[in-house]
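Q: Below is the structure I would like to discuss, written out as structure tokens.
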Number of protein chains: 2
Amino acid sequence: MNRITIKDIAKLLDVNPSTVSRALKDHPDIGEATKKKIQQIARELVYRPNYQAIRFRQNKSGLIGLIIPEMGMFFFPSIIQAIEEITKKNGYHLIILQSNESLVKEKENALICKNFGLDGLLVCLSKETTAIPHFADMLQSKIPIVFFDKVLQSKELSTVVINDYNASFTAINHLARKGYKNISGVFESKNLEITQSRKKGFLDGLKKHQLTYREDFCFHVNTLAEAKTQFANLLNQKELPDAVFAMTDNALAGIIQAIYEKGIAIPDDLAVICISNGNLPYYLNPPITHIRHSGYMVGKTAVELLFDLMNDKITVTKRQLELETFLVELDSC
Amino acid sequence: MNRITIKDIAKLLDVNPSTVSRALKDHPDIGEATKKKIQQIARELVYRPNYQAIRFRQNKSGLIGLIIPEMGMFFFPSIIQAIEEITKKNGYHLIILQSNESLVKEKENALICKNFGLDGLLVCLSKETTAIPHFADMLQSKIPIVFFDKVLQSKELSTVVINDYNASFTAINHLARKGYKNISGVFESKNLEITQSRKKGFLDGLKKHQLTYREDFCFHVNTLAEAKTQFANLLNQKELPDAVFAMTDNALAGIIQAIYEKGIAIPDDLAVICISNGNLPYYLNPPITHIRHSGYMVGKTAVELLFDLMNDKITVTKRQLELETFLVELDSC
DNA sequence: GCAATCTCCGCAATCGTTTGCGCAAACGAT
DNA sequence: ATCGTTTGCGCAAACGATTGCGGAGATTGC
């Protein structure tokens, strides 16, 4: 009646279930004749293994967890694209858990992952996260975890990030060489490591070209809307910057709205550059010169590291990987 | 050493595992005293049930499958946002499978879902899909499936779509009332139902206002890049449209690039309107007037229908739901 | 005081598959 | 012919939790 099992086949052929099990996986202990017979009848009856049972027996879920702060438009879709492809290629599947940039939800998600019996975990921390006791026991157990993008830097963790410092340094370098002198910077939340690295690159870029750091031209924002209102405020001041650096697509989207509303011309009145991992810079008018880092590559690198850890837990130790970025010169500078 | 089990607790308290099992779920057959004792020690030892075993025993995976053509930037992120929230609220989790707009991969994914023992399935068909024999046996079994967005219309299926006809009709209506007369239409692949519905609304909109259908102004595209090149071609003709309707964000992104490159002014030289479920219209310069339909609502509606089907398989029959859209008037007309 | 009922818990099977071990028959070598 | 090895397969336990059934002891009813 229902789905047919190994036992059914065993009864039908009057052999032991263990023989069927072994025959179906081509175990050398089983004679060719019986093997053929079993495999044939399995095909005829469209035997489909109960993976639920197998996973239980093997104590493997076949599932990779992915904890992300929030889906958004730019970054995670491409990351997920990569991760899904590769997990599937390795016979695993992906469970996505969003924490909505909330530490509380991130903890809930960590708990879910522990209970669910996932075989591996990829984590991008929320904005609120400054320590990770909620991952402590998983880190001690044999379940590998790879942190990516928003991470806590530590030799004790496996991490994949981009070289944030170089990215913003390159951006400022580009602006400076084009002759811009009064550069505004729009950054995300202060406590994020990527914010700190990108700001450091920003500052060192200014320093290299002996440009002054205009603190009144720089600010930190948490949301797209904040970026817009804050930059709109800046544009209402008497003294204006001649260029602006946006730390993320998100920040870019905010300041662009402010610029459009004010009717300011890019790049004639104001040059714009940003760090991006999406398509937004291409869609804008004019297309925005930016430092590109590919979400796809981050996802790919992270999940491949994860599988390395999962497949060979001895030789592969914790690793901290850093991906490089590159300048895409379009029309906004 | 390892994770502690019901058996461990049973041995420790010298009771039967079944008693522990019942005590932990507050079964009335167990006396208050033993219940307390068991629950306490379970807490102390941080007993965490092996969900793998439970799922196997109950023959439930606790997993919802989501098959989508491709992640993209606009639509699916918001859909996933909604679906993930609601599945989690119901104690389920989400597995995402991408078919990359390929029928072959869609079939693979369908197979994976069958094998994995999912409890429910949400499907957005690929562009290539014109029939769904690969879902036939799942539809006959007790696993509920809800199709959304790209569906095959049928009384035999549960579907969630937007009212595509009304959406494009409203768009053309808007253009016509603004006085535009030569309207270009950029559509996605011909064989999609949503293309047909949206084109029908487009044509009926023209008819209602006695505008002629300029076949030379209209075309079908499969990708963003195609939209760009084709529309760029159109812009090189002698006779130009005074307005263009883009069927999707994707089509919009393509034609916008062509427009920017050609240096055409919106809306003075050319009005633009589209149907959108993302943020792109807001990011462009000027912001694009569009017919909005919310991916979030589609996702929410689909997954809620799915849970209705899962929870009460008798009274809830197949349903075909249609969500309405609305005009968002910005600056491109 | 005896039967009927209730309370509380144990027994054992079960879900589908895997796997270590053992054993008979077949085979090979001397 | 004898011993040792290989071949081919069955036996049964195991994974962790659940559940129908049954039964001992306590309680109630008359």
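The values are calculated or read from the model by the stated rules, or taken from the named source; none is laboratory data. Computed from a prediction, not measured in an experiment: that's the story for all the values here. FYI the Cβ positions are ideal-geometry reconstructions off the backbone, even for glycines, and counts take in every protein chain you see. Please note that ligands, DNA and RNA were not included when accessible areas were found on the heavy atoms of the full protein model with its side chains. Shrake-Rupley method; radii C 1.70, N 1.55, O 1.52, S 1.80 Å.
Q: Can you pull the one-decimal nm distance between simple spin-label points at A:Asn311 and B:Gln210, each 7 Å off the Cα toward Cβ?
A: So the two model labels end up 7.1 nm from each other.
Q: Evaluate the charge dipole of the protein assembly as shown about its Cα centre and quote only its size in Debye, nearest 20, assuming +1 on the Cβ of each Lys and Arg and -1 on the Cβ of each Asp and Glu.
A: Details: 80 positive and 74 negative charges, 488 e Å.
For this selection, approximately 2340 debye.
Q: Could you please report the charge total around B:Glu304, scoring K, R as +1 and D, E as -1 over all other residues with beta-carbon less than 12 angstrom from its beta-carbon? Present the calculation step by step, with values, prior to reporting the outcome.
A: Working: positive: B:Lys89, B:Lys300, B:Arg319; negative: B:Glu85, B:Asp308.
So the surrounding residues net to +1.
Q: Grab the DSSP H runs of chain B that are 4 residues or longer, score each as -39,500 (n - 2.57), total them, divide by all residues and round the 222 nm result to the nearest 500 deg cm²/dmol.
A: Numbers: 13 runs with 147 residues, N = 333.
Result for chain B, helices only: -13500 deg cm²/dmol.
Q: Among the listed pairs A:Lys107/A:Lys150; A:Lys107/B:Lys88; A:Lys107/A:Lys155, which are separated by more than 20 Å between their Cα atoms? Spell out each step's value before the answer.
A: Working: A:Lys107/A:Lys150 16 Å; A:Lys107/B:Lys88 14 Å; A:Lys107/A:Lys155 22 Å.
With Cα atoms farther than 20 Å apart: A:Lys107/A:Lys155.
Q: In terms of Cα to Cα distance under 12 Å, which aspartates and glutamates are near enough to A:Lys190, apart from those fewer than 8 places away along the same chain?
A: Hits, sequence-local ones excluded: A:Glu128.
Q: Tell me which of B:Ala227, B:Ile266, B:Phe307 sits at the most positive position along the dipole axis of chain B, charges placed on C-beta atoms (Lys, Arg +1; Asp, Glu -1).
A: B:Phe307
Q: Do the alpha carbons of any pairs in A:Lys36/A:Lys60; A:Lys35/A:Lys300; A:Lys181/A:Lys300 sit beyond 31 Å of each other, and which pairs?
A: On the way: A:Lys36/A:Lys60 29 Å; A:Lys35/A:Lys300 40 Å; A:Lys181/A:Lys300 38 Å.
Beyond 31 Å between Cα atoms: A:Lys35/A:Lys300; A:Lys181/A:Lys300.
Q: Kindly give the distances from A:Val328 to its copy-mates, label point to label point, with each label point 7 Å from Cα along Cα→Cβ, as nm values to one decimal ordered shortest first.
A: In ascending order, 2.3 nm.
Q: Over the Cα atoms of the stretch B:64-107, what Rg and Dmax result, in angstrom?
A: When restricted to the Cα atoms of the stretch B:64-107, Rg and Dmax are 11.2, 33 Å.
Q: Expected output is a single nm value to one decimal: the length gained when fully extending between A:Ala131 and A:Ile41, i.e. 0.36 nm times separation in residues minus the C-alpha distance. What is it? Show your work: numbers first, answer last.
A: Numbers: separation 90, 0.36 × 90 = 32.40 nm, distance 5.56 nm.
Once the chain is fully extended between A:Ala131 and A:Ile41, it gains 26.8 nm.
Q: Please give the per residue accessible area of the protein assembly as shown, computed with a probe of 1.4 Å over protein heavy atoms only, in Å². Walk me through the numbers before you get to the answer.
A: On the way: 29760 Å² over 666 residues.
Spelled out: the 1.4 Å probe surface of the protein assembly as shown, per residue, equals 45 Å².
Q: Same structure, new question: Under a crude label model (7 Å from the Cα following the beta-carbon direction), how far is B:Lys155 from A:Asn182 in nanometres?
A: Inter-label distance under the simple model: 7.1 nm.
Q: Here's a follow-up. Among the lysines, which fall within straight-line cross-link reach of B:Lys37, defined as a Cα-Cα distance under 17 Å, with same-chain neighbours fewer than 8 residues apart omitted?
A: Reachable lysines: B:Lys7, B:Lys11, B:Lys25.
Q: Regarding the stretch B:164-292, what's the average projected area of the Cα-atom convex hull, expressed in nm²? Please report the intermediate quantities before stating the final value.
A: Numbers: hull surface 27.0 nm².
Mean shadow area of the hull around the Cα atoms is 6.8 nm².
Q: Right, here's the next one. Would you please classify the overall shape of the protein assembly as shown from the alpha carbon gyration tensor, given that a ≥ b ≥ c denote the square roots of the eigenvalues, rounded means a/c under 1.5, and beyond that prolate means a/b larger than b/c while oblate covers the rest?
A: Values: a/c = 2.19, a/b = 1.40, b/c = 1.57.
Cα axes put the protein assembly as shown in the oblate bin.
Q: May I pose another question? Placing a label point 7 Å from Cα toward Cβ, how far apart in nm is A:Thr317 from its equivalents in the other copies, listed shortest first to one decimal?
A: When each copy's label point is compared with this one, the spacings are 6.7 nm.
Q: As a test of reading the structure, rank B:Val272, B:Val328 by solvent-accessible area (1.4 Å probe, protein chains only), most first.
A: Working: B:Val272 0, B:Val328 25 Å².
Ranking B:Val272, B:Val328 by accessible area, largest first, yields B:Val328, B:Val272.
Q: With +1 on the Cβ of every Lys and Arg and -1 on the Cβ of every Asp and Glu, and nothing else charged, how large is the dipole of chain A about its Cα centre, in debye rounded to the nearest 20?
A: Numbers: 40 positive and 37 negative charges, 258 e Å.
In total the dipole reaches around 1240 debye.
Q: What is the ratio of the Cα radius of gyration of chain A to 2.2 N^0.38 Å, with N the residue count, to two decimals?
A: 1.31
Q: How far apart are the A:Ser141 label points across copies, placing each 7 Å from Cα toward Cβ, in nm, shortest first?
A: Those label-point separations list as 2.8 nm.
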